[in-house]
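Engineer: What follows is a structure written as structure tokens; I'll ask about it next.
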Amino acid sequence: MKYLLDYQEGERVVAFCLIKSKEAGVASNQSEYLNLELGDRSGTIMAKLWDVNAEMKEWINVKSVVKIDAAVQMYRGKKQLVIQRIRPAAASDEVQMESLIPISPVPVDELWTKLTHAVDSLQSATLKAIIQEALATEEIHDRLRHYPAGVRMHHNYYHGLLEHIVSLLTAAQSLLPLYPQVDRDVLIATCILHDIGKLYELSDPIAPDYTTPGQLIGHLVMGVEMVSGICRKLDISLGDAEVLHLKHCILSHHGEVENGWGSAVSGKTPTAVMFHYLDQIDSKMNALSQTLADMPEEEEWAYAGVLRRKVWRGY
């Protein structure tokens, strides 16, 4: 089966896809058009739809599933689609959601099993109780099995956040023997809970955008608020040393405050400092993997937004 990004210049595309974004415009002849960002399992591509009428503007919306008949063209060095025909998907089309959005290559049940094993390995009764309570909450449980880790930068696909967490847990378990000054249980708990606020910072797992609380508060503070709420529910003191350490690691995991990357406080413990670098490694390597995977075969260099510079494919 071919997906959107598999098509080359000059080819015709007849496919189902998801509308990720929509922007209206007016052409020089005063006719209206739409710039659409369309997506499926392979990624996203920009598309142009000319001569849009009032009825089309009514039903063509973000998160709508549509069937398109389009041609692939090159525009400023990038592929784009020029849509000839478009219609909403019908129930009889039986479109599978897994074909419409990028998805982690690792099965969700496999990731969940590794997550629960990590929770079971915790020696701290306090940290284990907090995490078990979070995972037992139906909404958190459901969202964690589906949400991406972000809109653009890294692990930005279906159950990408869960993949990111498990990747961090794997890296942490490998490095912990080298650094005895790191608190193992707090590090493991931070791997699991550091981005828990993203479950409410982001709108949904299909075509995620930032929620109003997400933009006004941010997922670091939202995550700490969630941890505090669970502590109150379980009658765990907010002054508990492990709770304070966990919340510090969450609030500092974007690095030095001076960097302006969103940390509320700079890391002040070996565990907090180590986790920041673990998170940086995993997020950047995932983003770079996606950059390299998306490079045309004939290209040697590509711009990596996560690094704000070009990267070399290698040999």
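Engineer: Tell me which residues, restricted to region 147-171, are surrounded by fewer than 17 Cβ atoms within 10 Å (Cβ to Cβ), farther than 25 Å from Leu244 by Cα and not aliphatic (A, V, I, L, M).
Structural biologist: The answer is Arg152, and nothing else.
Engineer: Just to be sure, is Ser174 free of Cβ contacts under 8 Å to residues at least 40 places away in the same chain, touching a Lys or Arg at 6+ places or on another chain (Cβ under 8 Å), hydroxyl-bearing (Ser, Thr, Tyr) and part of a helix (DSSP H, G or I)?
Structural biologist: no
Engineer: Same structure again: Are there any pairs with C-beta distances below 9 angstrom linking a residue in region 117-139 that is farther than 15 Å from Ile188 by Cα and part of a loop (DSSP other than H, G, I, E, B) to a residue that is at pLDDT 95 or above and of a type in the set (A, V, I, L, M), with the two at least 6 apart or on different chains, and if so which?
Structural biologist: Here the result reads Thr137/Ile230, each pair linking region 117-139 to a residue that is at pLDDT 95 or above and of a type in the set (A, V, I, L, M).
Engineer: Taking Ser31 and the conditions (1) closer than 24 Å to Leu292 by Cβ; (2) of a type outside the set (Phe, Trp, Tyr); (3) modelled with pLDDT under 90, which numbered condition does it fall short on, given that it satisfies the others?
Structural biologist: Checking Ser31 against (1) closer than 24 Å to Leu292 by Cβ; (2) of a type outside the set (Phe, Trp, Tyr); (3) modelled with pLDDT under 90, the one that fails is (1).
Engineer: Among the residues of region 177-190 satisfying the criterion of being outside any helix (DSSP H, G or I) and not hydrophobic (A, V, I, L, M, F, W, C), which is surrounded by the most Cβ atoms within 10 Å (Cβ to Cβ)?
Structural biologist: Top of the filtered list is Asp183.
Engineer: Here's something else I'd like to know. For the subset of region 284-311 comprising residues that are in contact with a helix residue (DSSP H, G or I) (Cβ under 7 Å, 6 or more places away or on another chain) and among the small types (Gly, Ala, Ser), which member is farthest from Gly160 (Cα to Cα)?
Structural biologist: Across region 284-311, the extreme among qualifying residues is Ala302.
Engineer: Any residue that is outside any helix (DSSP H, G or I) and within 30 Å of Ala302 (Cα to Cα) - is there at least one of those in region 192-199?
Structural biologist: Among the residues of region 192-199, at least one is outside any helix (DSSP H, G or I) and within 30 Å of Ala302 (Cα to Cα), which makes the answer yes.
Engineer: Those residues that are part of a loop (DSSP other than H, G, I, E, B) and either among the small types (Gly, Ala, Ser) or surrounded by fewer than 19 Cβ atoms within 10 Å (Cβ to Cβ) (or both), I need them from region 223-244; list them, please.
Structural biologist: Answer for region 223-244, where residues must be part of a loop (DSSP other than H, G, I, E, B) and either among the small types (Gly, Ala, Ser) or surrounded by fewer than 19 Cβ atoms within 10 Å (Cβ to Cβ) (or both): Asp235, Ser237, Leu238, Gly239, Asp240.
Engineer: Let me ask something additional. With the requirement that a residue be within 13 Å of the chain's Cα centre (by Cα), more than 24 Å from Leu169 (Cα to Cα) and of a type outside the set (Asp, Glu), what does region 195-230 give you?
Structural biologist: Across region 195-230, the qualifying residues are Ser203, Ile206, Ala207, Pro208, Tyr210.
Engineer: Among the residues of region 247-301 satisfying the criterion of being aliphatic (A, V, I, L, M) and part of a loop (DSSP other than H, G, I, E, B), which is modelled with the lowest pLDDT?
Structural biologist: Met295
Engineer: For Glu98, are the conditions met, namely being acidic (Asp, Glu), closer than 30 Å to Leu169 by Cα and modelled with pLDDT under 90?
Structural biologist: yes
Engineer: For Val119, indicate whether it is touching a Lys or Arg at 6+ places or on another chain (Cβ under 6 Å) and either assigned by TED's automatic domain parsing to the domain that holds Ala287 or surrounded by fewer than 18 Cβ atoms within 10 Å (Cβ to Cβ) (or both).
Structural biologist: no
Residue-wise test of (1) surrounded by fewer than 21 Cβ atoms within 10 Å (Cβ to Cβ); (2) over 19 Å from Ile250 (Cβ atoms); (3) touching a Gly at 6+ places or on another chain (Cβ under 9 Å); (4) among the hydrophobic types (A, V, I, L, M, F, W, C).
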residue	(1), (2), (3), (4)
Gln173	yes, yes, no, no
Ile192	no, no, no, yes
Ile196	no, no, yes, yes
Asp204	yes, yes, no, no
Val221	yes, no, yes, yes
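Engineer: Within region 200-222, take every residue that is out of contact with any strand residue (DSSP E or B) (no Cβ under 9 Å at 6 or more places or on another chain) and in a loop (DSSP other than H, G, I, E, B) and give me the one that is modelled with the lowest pLDDT.
Structural biologist: Within region 200-222, the match that is modelled with the lowest pLDDT is Asp204.
The values are calculated or read from the model by the stated rules, or taken from the named source; none is laboratory data. Remember, it's a predicted structure, so these values are computed and weren't measured experimentally. Heads up, the Cβs are rebuilt from the backbone with ideal geometry, glycines too, and the neighbour counts pull from every protein chain shown.
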